[in-house]
Amino acid sequence: MPDEDVTLDMTAEVVDLIGAITRRYAAEAQAAATPHGLTAMQAKALRAARTPVPMRRIAEVLHTEPPNVTPIVDRLAEYGLLERRPNPDDRRGKLVAATEAGLAVVADLDARMPFAGNPLAPLTDRQRQALRDLLKLVLDG
């Protein structure tokens, strides 16, 4: 039974660490967004549009469906931070891109988000790959 106790303790510690990372990421992202009158989700969408991207790319970054992105993009456009542009590769599609004002906000967000901007910064590429592979293994069972 002692080995089982160690395994349970280790599992609890790993789950706690994942939770702590998630909380730190969310808190830092919201703290960075708030001075700009944005939600963390709006800030994440804006950061995803540093360069012109289709709305579906923003949906991927936000882990949601494209129709759910429309109100977020609409609000950021109202604030003058994003603009819609024609997509040269798809006549029916639009690209979303940060305006100059939006890029200034992105730069400030990046400066205010040293952890959330790159939470894996302390890891080498090899460590990042190993962590990714281990997390996939846990998720896939």
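Read-outs: derived from the displayed coordinates by stated rules, not from any lab. All values reported here derive from a predicted model rather than from experimental measurement. Virtual Cβ from ideal backbone geometry, glycine too; neighbours counted across all protein chains shown.
Scanning segment 51-70 turns up no residue that is touching a residue at least 12 places away in the same chain (Cβ under 8 Å), crowded, with 18+ Cβ neighbours inside 10 Å and over 18 Å from A98 (Cα atoms).
Please enumerate the residues belonging to segment 20-50 that are surrounded by 13 or more Cβ atoms within 10 Å (Cβ to Cβ), among the polar types (S, T, N, Q) and farther than 18 Å from D110 by Cβ. Break it down stepwise before answering.
Restricting attention to segment 20-50, the residues satisfying the condition of being surrounded by 13 or more Cβ atoms within 10 Å (Cβ to Cβ) are 21, 24-25, 27-34, 36, 38-50.
Next, only the ones that are among the polar types (S, T, N, Q) stay: 30, 34, 39, 42.
None; the set is empty.
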